[in-house]
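The structure appears below as structure tokens.
The values are calculated or read from the model by the stated rules, or taken from the named source; none is laboratory data. Since this is a predicted model, take the numbers as computed values, not measurements. So basically every Cβ, Gly included, is an ideal-geometry build from the backbone, and we count neighbours across all protein chains shown. Protein only, heavy atoms only, side chains kept; ligands, DNA and RNA dropped before computing areas. Shrake-Rupley method; radii C 1.70, N 1.55, O 1.52, S 1.80 Å.
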Amino acid sequence: MSSSNYDSACLPDLLPLYYRRLFPFSQYYRWLNYGGVQKNYFQNREFSFTLKDDIYVRYQSFSTQTELEKEMQKMNPYKIDIGAIYSHRPNQHNTVKSGTFQALEKELVFDIDMTDYDDVRSCCSAADICCKCWTLMTIAIHILDRALREDFGFQHLLWVYSGRRGVHCWVCDEAARKLSVAARSAVAEYLSLVKGGEETLKKVVLTDPIHPFIRESLAVVERYFPRYALQEQDILGRKESVDKVLALMPEDVRKELQQDFQNEKKPENRWKLVKEQANRKQGTAKRGQYFEKEIMLQYCYPRLDVNVSKGVNHLLKSPFSVHPKTGRISVPMDLKELETFDPFAVPTISQICEELDRPRTEEEKSEDTKEKENEKDAAERRKIRDYKRTSLAKYVKYFDQFLEKMARSWKGELLKKSDLQKDF
């Protein structure tokens, strides 16, 4: 079975192999245990599993990594979602007095889905994506990553490809995990510029003075706009798209440009004319006239699903979950390689299971012999070597690098705690 020809009918056969030999349980546990800084942090975390035929099981929780492994290998979920850390163990929520079972903490999360851009992309629609519109995800990551780090001071951001048509961000700093619903809403609102549903024509409105965060975001959009919007999406080429752009401008400007566009057909030159009109308006208007900036942001600025970010108890798809429709693994992304990230090159479950079947090298055979002599940690080591033989290896490595940085901050917390205890 070729990796590119993933067949969802084979998923029930592939998942047991994936969870038994390839899923990176030790890193996964290390992440969600957060260094054991807080007691019962992992034990009180909610997991939910979607099983075959869309059977949905909520409020799963586990005491140890081994228990999580056993349960996942038994249930072989089609999809894994991660929820909040609760006041009690989620699998015992029915035994707790009503009203006392509360979601206390969770990573601050962001979900960006390509379907939310359907009104501004002409290459694809609905669940389809291509390398042209994927640029929107690249822009979104640049803008949000900068803002979360520089404007809010967060450090531990895990960016994950969803496996199909979007990206997720997990902000894992302790301060982010402890944010209230009101604070999460405030962060999400700060980062939201594109407002209004399908019936709203003009979705971005800028006012004087332009906020520094918007200026920073515009600097990112300006880098990609000519190639993405003018060339690839051809927003000033076809009459239908030109009319959509003109509709976002003041009426007098629109009329003038309609005239000018009759003599100028090149999208790049048409955009120059738009910018000239904007500069002229800005020179004469009392209030800010930023329609060219508003157009760029409407076409390129990240579109967040704000509700996902606001709720502490909102579930989000887990890293290393398999997308049942595409077969692709939901993998961590390395921002150093963001410009070259190709969603179509992300491995599918069929591809990595196939890679496991390749004949072992001499080096691997000699490793096996050594392991037989020392059975104690052999199973764990064998699993590490198993994923290292597949295309999943580099994504687990990104995850490891992320965890290493985070572990340094846990050590700091644990030292602080032990120092405080000594003071008494």
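Can you tell me the alpha carbon radius of gyration of the chain divided by the globular rule-of-thumb value 2.2 N^0.38 Å?
1.13
Give the span of the stretch 49-189's Cα atoms along each principal axis, as three whole-Å numbers ordered largest to smallest.
51, 39, 28
Structure shown: which of K39/K325; K244/K317; K39/K74; K272/K394; K97/K310; K70/K405 lie over 32 Å apart, alpha-carbon to alpha-carbon?
The answer is K39/K325; K244/K317; K272/K394.
For the chain, with all protein chains present and a 1.4 Å probe, just round the carbon and sulfur fraction of the accessible area to a whole percent.
Ligands and nucleic acids excluded, carbon and sulfur reach 50 percent.
Viscosity 0.890 mPa s, temperature 25 °C: what is the translational diffusion coefficient of the stretch 203-356 from Stokes-Einstein with a Kirkwood Rh over Cα pairs, rounded to a whole number of µm²/s?
My calculation gives 130 µm²/s for D.
Taking the stretch 93-173, how much of its Cα-Cα pair set, in percent, is spaced more than 22 angstrom apart?
That fraction is 42 percent.
What translational diffusion coefficient, in µm²/s and rounded to a whole number, does the Stokes-Einstein relation yield for the stretch 235-324 at 25 °C and a viscosity of 0.890 mPa s, taking the hydrodynamic radius as the Kirkwood radius over Cα pairs?
D, rounded to a whole number, is 154 µm²/s.
Restricting things to alpha carbons, tell me how big the stretch 30-73 is in terms of Rg and Dmax, in Å.
For the stretch 30-73, the Cα-based Rg and Dmax read 11.8, 38 Å.
GNM, the chain, Cα, under 10 Å: largest mean-square fluctuation among L158, L32, L414?
Of L158, L32, L414, the Gaussian network model singles out L414 as fluctuating most.
Using the basic label-point model (7 angstrom from Cα toward the beta carbon), what is the E189 to R280 distance in nanometres?
My value for the distance between the label points is 3.9 nm.
Could you give the length gained on full extension between V57 and D208, defined as 0.36 nm per residue of separation minus the Cα-Cα distance, in nm?
Roughly 49.4 nm would be gained on extension.
If each DSSP helix of 4+ residues adds -39,500 (n - 2.57) and the sum is divided by the residues in the chain, what number results at 222 nm, nearest 500 deg cm²/dmol?
Mean residue ellipticity, 222 nm, calculated: -13000 deg cm²/dmol.
So how compact is the stretch 199-255: Cα radius of gyration and Dmax in angstrom?
In order Rg, Dmax, the Cα atoms of the stretch 199-255 give 13.3, 35 Å.
Would you compute, for the Cα atoms of the stretch 190-291, the largest minus smallest coordinate along each principal axis and list the three values in descending order, in whole Å?
Ordered largest first, the stretch 190-291 gives principal extents of 40, 32, 29 Å.
Could you give the dipole magnitude of the stretch 123-254 about its Cα centre, charging the beta-carbon of Lys and Arg +1 and that of Asp and Glu -1, in debye to the nearest 20?
With only Lys, Arg, Asp and Glu charged at Cβ, the dipole is about 300 debye.
Taking the solvent-accessible surface of protein heavy atoms with a 1.4 Å probe, what is the per residue accessible area of the chain in Å²?
48 Å²
Express in % the proportion of alpha carbon pairs of the stretch 9-58 at distances exceeding 12 Å.
73 percent
Just the Kirkwood number for the stretch 77-131, please: inverse of mean 1/r across all distinct Cα pairs, in Å, one decimal.
Value: 15.0 Å, from the Cα pair sum.
How far is the Cα center of the stretch 89-127 from the Cα center of the stretch 143-221, in Å?
Cα centroid to Cα centroid, the span is 16 Å.
Please compute, for the alpha-carbon atoms of the stretch 261-308, the extent along each of the three principal axes and give them in descending order in Å.
46, 31, 12
Mind ranking 50-60, 300-310, 328-338, 351-361 by how tightly packed they are, going by the mean number of other C-beta atoms within 10 angstrom, highest first?
Ranked by mean Cβ neighbours within 10 Å, highest first: 300-310, 328-338, 351-361, 50-60.
Tilt of helix 251-263 relative to the longest C-alpha principal axis of the chain, in degrees (0 to 90, nearest 10)?
90 degrees
Rg(Cα) of the stretch 151-237 divided by 2.2 N^0.38 Å?
1.36
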